[in-house]
Protein chains: 2
Amino acid sequence: MTTRAEATRARLQSAALDLFEQRGYRAVTVEEIAAAAGVSHMTFFRHFPTKERVLLDDPFDPVIAAAVAAQPDGTPAIERVARGLLSLVPLLDQEPTESARRAIAIAAREPELQAGMAANTAATERAIVEAAAPAGEETEMRIAAAACLAAVTAVLLDWSTDGSRRTLGALVGDAMTTVVPALSDAAVPAYAGAAS
Amino acid sequence: MTTRAEATRARLQSAALDLFEQRGYRAVTVEEIAAAAGVSHMTFFRHFPTKERVLLDDPFDPVIAAAVAAQPDGTPAIERVARGLLSLVPLLDQEPTESARRAIAIAAREPELQAGMAANTAATERAIVEAAAPAGEETEMRIAAAACLAAVTAVLLDWSTDGSRRTLGALVGDAMTTVVPALSDAAVPAYAGAAS
DNA sequence: GCCACAAGTGTTAGTCACTAACATCTGTTG
DNA sequence: CAACAGATGTTAGTGACTAACACTTGTGGC
């Protein structure tokens, strides 16, 4: 059941994406987005706390955190995080990622939006630490999460803009292999040697 | 020779730091900072492009980039970056870091400022890639830089607020060991085993 | 000392993101 | 249909940031 609020929210996101693509993030005002969605600017701010959030909305933290937590412990934190992220690759390659790609492509052009993406990353980092860090190893896990997520963000930016037709999954595989060279040795055959 | 502009800039930074500590980043207006420094708000914006920048000013990118570039190539990108950052530890432990610590402690409390720190990190990342990436390996280097810098940022936030009396250098050593476990084996004896 | 000249700063008048308070409308439930 | 809650609108702000133009202060040549 789609509530009225959900429909409004979706219209705002869609209108914002279109307008940002046409005229650039900076040049579009919240008023204009709201008008294009047929609502007032107050309604916009009831659905999104900031202009930035209408573009950079990311509800995947719990999924990512669970994937990391599912990795066997006992191995170094950075390997657990890397393997957890790799385990999500099949999911990535089947999702309807087109609107996400458009959003990231817009963010890639505006430095202020990359700061916003970093805020997303920080939230994901916290989720991973809470879900997957053994007691007493929170710092290690936070460092490992920060490192791996930064690497994923780096390839996300490429993927969104580059003409390169590589799948997001393959790029994430490369990123994890770069961060944890040991992964390419044997553990994840599907991605071994994928890095150039 | 200290120019008038440099003096004004320093007064603005100092006044901002004091006011932010007393009343919090959000609650202090640019007008108030400017007034405390004896100038108008327009002068503030001539010295700093945004309110955020008066706190998060970071001129160390060239030093960091050079330190990474100085590492021998042929090893994985992530090891070069990690070793480059480690080579700066002696410098860290002798610098007058007190105002930096105060600034980071303020930033640690405000999510919006952590986004600003991420913008700093992105700039550092670009500087490292430009200075140290062999032709054709830019992506690998960018991923490695993003990962290591994220790890350093994570410990910086701890260092600024925690009562822990560990030196910044020791914390950075731990961070690099977490990201590149291989470093603890032999290469950098001073930090081997420093991680808990 | 005086006179360009430029760098630094001030004033004023805006735009736009974002907030608070209160009114209105719409859909649902008894 | 009445009552109620969720969703939206209106209005009136605050504060970050910009543009245009005037002014002031320090510096070098005469």
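List of remarks:
- Over chain B: helical MRE at 222 nm, DSSP H runs n ≥ 4 each giving -39500 (n - 2.57), nearest 500: -20500 deg cm²/dmol
- Computed with a 1.4 Å probe on the full set of protein chains, the accessible area for A:PHE45 sits at about 90 Å².
- Relative contact order [Cα under 8 Å, 6+ residues apart], chain B, whole percent: 20
- Think of segment B:131-179 as having a plus end and a minus end, set by charges on the Cβ of Lys, Arg, Asp and Glu; of B:PRO134, B:MET176, B:ALA147, B:MET176 sits farthest toward the positive end of this dipole.
- Legend: Rg and Dmax of chain B, from Cα coordinates, 18.3, 56 Å.
- A versus B: buried accessible surface, summed, Å² (probe 1.4 Å, to nearest 100): 1800
- Label point of A:GLU31 (7 Å along Cα→beta-carbon): distances to the other copies' equivalent points are 2.2 nm, sorted ascending.
- In this simple spin-label approximation, B:GLN94 and A:GLU130 carry label points 7 Å from Cα along the Cα→Cβ vector, and these lie 4.4 nm apart.
- Geometric extent, Cα atoms of segment A:57-131 - Rg, Dmax (angstrom): 13.7, 40
- Computed over protein heavy atoms with a 1.4 Å probe, the accessible surface of segment B:61-184 works out to 40 Å² per residue.
- Quotient of C-alpha Rg and 2.2 N^0.38 Å, computed over segment B:6-101: 1.43
- A straight line joining the Cα centroids of segment A:38-58 and segment B:72-95 runs 42 Å.
- Within the protein assembly as shown, the proportion of C-alpha pairs whose separation exceeds 28 Å stands at 50%.
- 7 Å along Cα→Cβ, label-point gaps from B:ASP58 to other copies, nm, shortest first: 1.7
- Within the accessible surface of chain B, defined with a 1.4 Å probe on protein heavy atoms only, the carbon and sulfur portion equals 55 percent.
- Segment A:4-51 - convex hull of alpha carbons, volume per residue in Å³: 57
- Shortest first, B:ALA70 label-point distances to identical copies amount to 4.6 nm, with the label point at 7 Å from Cα along Cα→Cβ.
The values are calculated or read from the model by the stated rules, or taken from the named source; none is laboratory data. Model, not experiment: these values are computed from the prediction. Heads up, the Cβs are rebuilt from the backbone with ideal geometry, glycines too, and the neighbour counts pull from every protein chain shown. Surface accessibility is based on the protein's heavy atoms, side chains included, excluding ligands, DNA and RNA. Shrake-Rupley method; radii C 1.70, N 1.55, O 1.52, S 1.80 Å.
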